[in-house]
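What follows is a set of notes on a single structure, which appears directly below.
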Amino acid sequence: MKRAFAIMAFAAAVLESAAFEIYSDFPGGNIDVLEKGENGAKLRQQCRDSSWWFYWSFGVRGAEGRTLTFKFADLGDVLGSRGPAASFDGGKTWRWLGAQGIKREKNSSSFEFAFPPDAKDVRFAFCLPYMPSDFDAFAKSAPELKKIPLCKTRKGRENFAYSLGNPGGKIKIFLTSRHHACEATGTFTMQGILEEFLKKGGPAAELLKDAEIVAVPFIDLDGVLDGDQGKSRKPHDHNRDYSESPIYPSVAAFQKLYNAKAEKAETVVALDLHAPFIFRGAGSDAQQNRMFLLEGSIAGKAESQRKLSKILEAETLKSGEGAIIHRQKWDVKYGTPYNSDAHKMHLSCSAWANRHPKAAFACAVEIPYTDCVGAEVNSESMRELGANIAKSLAEYFAAP
Ligand SMILES: [Zn+2]
């Protein structure tokens with residue numbers, strides 16, 4: 001009897017010690033818990049309707065004062081060069097935890113985390129998240145941004161575009177992000193671009209006298225809120241939906257908005273903001289460790305794009321230490337394996353937008369998840385990059 005009691009007490013103690021909770025029922029949440037034990041858990045990101053990709057986001061409650069290991073199973077390495085991002089205030093602010101707790105193995109990877117004694121609830125994610133609530137908070141601080149209804153998504157959510165500047169001006173600048181739901185860096189950068197245009201008296205604000213900025217921060221709004229990978233969805237993702245008959249309402253609505261706005265303009269530039277592949281730290285010359293543009297396929301327009309790229313290089317080099325810099329030589333030329341029209345049947349946003357007769361150029365802009373040649377990618381550095389893009393656009397249009 002005594003022995004049975006001891007076993008029960010021991011079992012209860014084990015259960016008690018494993019009683020931390022892993023949760024993902026919040027906007028952007030994504031995780032499967034395969035095993036949970038005293039020392040941590042075995043997890044897997046949910047790829048859902050995408051092929052293998054690395055987005056994940058979850059929270060842990062009740063682990064304060066303990067050290068736990070979270071091991072990702074089976075499907076490859078899903079941890080970037082700066083380790084996981086973490087939030088200690090329910091997802092409001094985030095920072096990188098660093099690579100020190102990471103163990104990389106051939107087919108899986110893990111991170112260890114010592115929860116501070118007061119850390120009752122900690123969120124972890126593969127990158128610094130940017131959610132619709134973040135954009136709403138920013139938009140609230142900028143009443144000059146006009147909210148335009150875009151469409152109802154497939155899941156019935158209201159999606160929006162934002163307009164800034166002079167709707168009657170001869171220049172239209174389009175900004176889009178989250179054609180791939182997980183690529184949060186694009187939206188941080190978009191906020192930085194808009195912040196610079198909102199600054200009174202600067203060169204960017206001067207451009208707005210004759211220009212309208214039209215921004216759609218969350219093309220795949222459902223994917224962002226539901227925590228989907230978004231990249232390479234079946235049958236195709238939002239950035240392969242630029243056909244005559246798009247399957248995603250946001251894409252159809254963006255096409256309509258772009259055409260209507262372009263009609264009233266003399267010249268159009270469109271920047272579609274993305275993030276490249278995850279950077280794990282090896283090979284500092286890796287493309288995913290650089291901020292770059294993808295060149296379009298139309299020769300004269302690629303020239304115009306190079307003009308902006310050159311200005312942007314000079315502008316980012318003026319920023320101080322820790323800034324995300326851009327080098328024109330990092331841009332990916334059209335016709336190379338990473339940038340070809342192998343998917344001519346399924347046009348990307350930028351390839352489609354570039355074809356418009358009024359488009360000076362339209363291109364994809366890639367902002368890395370974790371590093372840019374040694375500079376830490378974070379909210380400040382991405383927004384500073386955005387400010388440099390805005391200043392470069394002003395100079396692009398001011399220069400003959
Ligand atoms: Zn992308």
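The values are calculated or read from the model by the stated rules, or taken from the named source; none is laboratory data. Everything numeric in this text was worked out from a predicted model, so none of it was measured. Cβ placement follows ideal geometry from the backbone for every residue including glycine, while neighbour counts extend to all protein chains displayed.
Hey, can you tell me all the residues within region 42-64 that are buried (at least 20 other Cβ atoms within 10 Å of the Cβ) and not in a loop (DSSP other than H, G, I, E, B)?
The answer is Leu43, Ser50, Ser57, Phe58, Gly59, Val60.
Looking at region 354-371, which of the residues that are within 16 Å of the ligand (Cβ to nearest atom) and either assigned to a strand (DSSP E or B) or free of Cβ contacts under 8 Å to residues at least 24 places away in the same chain (or both) is surrounded by the most Cβ atoms within 10 Å (Cβ to Cβ)?
My answer is Cys363.
Looking at (1) within 21 Å of Leu208 (Cβ to Cβ); (2) away from the ligand (no atom under 16 Å from the Cβ); (3) of a type outside the set (Val, Ile, Thr), which is the only condition Arg154 fails?
Just one mismatch for Arg154, condition (1).
Checking the conditions here, which among Phe72, Phe26 is touching a Gly at 6+ places or on another chain (Cβ under 9 Å), of a type in the set (A, V, I, L, M, F, W, C) and modelled with pLDDT of 95 or more?
Result of the check over Phe72, Phe26: Phe26.
Name the residues in region 124-155 that are within 16 Å of Ala85 (Cβ to Cβ) and touching a Pro at 6+ places or on another chain (Cβ under 7 Å), would you?
Within region 124-155, Phe124, Ala125, Phe126, Met131 meet the criteria.
Does Ala260 qualify as being away from the ligand (no atom under 16 Å from the Cβ) and without any contact (Cβ under 8 Å) to a residue 12 or more places away in the chain?
When the stated conditions are applied, Ala260 passes them.
Just to be sure I understand, how many residues within region 324-350 are part of a helix (DSSP H, G or I) and either more than 16 Å from Gln305 (Cβ to Cβ) or touching an Asp or Glu at 6+ places or on another chain (Cβ under 7 Å) (or both)?
Of the residues in that region, 3 qualify.
Restricting to region 263-280, give me the number of residues that are away from the ligand (no atom under 16 Å from the Cβ), crowded, with 16+ Cβ neighbours inside 10 Å and part of a loop (DSSP other than H, G, I, E, B).
Residues that pass the stated criteria total 2.
Mind listing whichever residues of region 292-321 are more than 13 Å from Val332 (Cα to Cα), of a type outside the set (D, E, K, R) and surrounded by fewer than 18 Cβ atoms within 10 Å (Cβ to Cβ)?
Correct list: Ile298, Ala299, Gly300, Ala314, Leu317, Ser319, Gly320.
Results for (1) closer than 21 Å to Thr336 by Cβ; (2) aliphatic (A, V, I, L, M); (3) out of contact with any Gly (no Cβ under 7 Å at 6 or more places or on another chain); (4) assigned by TED's automatic domain parsing to the domain that holds Leu175, shown as yes or no for each residue.
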{"site": "Gly223", "(1), (2), (3), (4)": "no, no, no, yes"}
{"site": "Gly227", "(1), (2), (3), (4)": "no, no, no, yes"}
{"site": "Glu266", "(1), (2), (3), (4)": "no, no, yes, yes"}
{"site": "Asp272", "(1), (2), (3), (4)": "yes, no, yes, yes"}
{"site": "Ala282", "(1), (2), (3), (4)": "no, yes, yes, yes"}
{"site": "Phe292", "(1), (2), (3), (4)": "yes, no, yes, yes"}
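Any residue at all in region 281-294 that is in a loop (DSSP other than H, G, I, E, B) and either within 14 Å of the ligand (Cβ to nearest atom) or at pLDDT 95 or above (or both)?
Within region 281-294 (the criterion being in a loop (DSSP other than H, G, I, E, B) and either within 14 Å of the ligand (Cβ to nearest atom) or at pLDDT 95 or above (or both)), the answer is yes, since at least one residue qualifies.
Report, by residue number, each residue of region 281-291 that is surrounded by fewer than 20 Cβ atoms within 10 Å (Cβ to Cβ) and of a type outside the set (A, V, I, L, M, F, W, C). So that I can check it myself, show each step before the final result.
Looking only at region 281-291, we keep the residues that are surrounded by fewer than 20 Cβ atoms within 10 Å (Cβ to Cβ), and these are 281-287.
Answer for region 281-291, where residues must be surrounded by fewer than 20 Cβ atoms within 10 Å (Cβ to Cβ) and of a type outside the set (A, V, I, L, M, F, W, C): Gly281, Gly283, Ser284, Asp285, Gln287.
Which condition from (1) in contact with a helix residue (DSSP H, G or I) (Cβ under 6 Å, 6 or more places away or on another chain); (2) within 16 Å of the ligand (Cβ to nearest atom) is the one that Val224 breaks?
Of everything listed in (1) in contact with a helix residue (DSSP H, G or I) (Cβ under 6 Å, 6 or more places away or on another chain); (2) within 16 Å of the ligand (Cβ to nearest atom), Val224 misses just condition (1).
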